[in-house]
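Derivation of every value follows stated rules applied to the coordinates shown; laboratory data play no part. Fair warning: this is a prediction, and the values are worked out from it, not measured in the lab.
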Amino acid sequence: MIQHPDKNYIDPIPVRIHNQPAYCTHVEEETDGKPWFHDIKEYLSKGEYPEYANHTQKCTLWRFSNHFFHSERNLYRRTPNLGLLRCVDAKKASKLLEDVHAGTCSPHMNGFVLAKKILRAGYFWMTMEIDCL
């Protein structure tokens, strides 16, 4: 600790205690009604960027699209071992979290194990690890 030059008193840091836990057991719904992978899917199928995208967003979308594969109605994420993980929206992700964690597939588990188990089942969404924790 260092001594404050004007006084020997250090201001306390305010800490708020919330009534609800900071984690969640489900994925939040998309605000615009489209799944998180909508722009990637449209770019892969049509080869066009969204109208509202700026240069940085176009570069990010191009970079993301290298890791995805579009097949008919579904979008898949490529894995390093040449496997494919099906991309799911918020509703399907919430259902997967509940089914795998609650015991349909196995007993209760921590977040990291839950995320790995969902990956092994062949599903993917961008915030998977955070949502599982």
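General remarks:
- A full extension of the chain between Lys116 and Phe69 corresponds to an added length of 14.8 nm, given 0.36 nm per residue minus the alpha carbon distance.
- Greater than 24 Å apart at Cα, pairs in Lys34/Lys95; Lys34/Lys92; Lys58/Lys95; Lys95/Lys116; Lys46/Lys95: Lys58/Lys95; Lys46/Lys95
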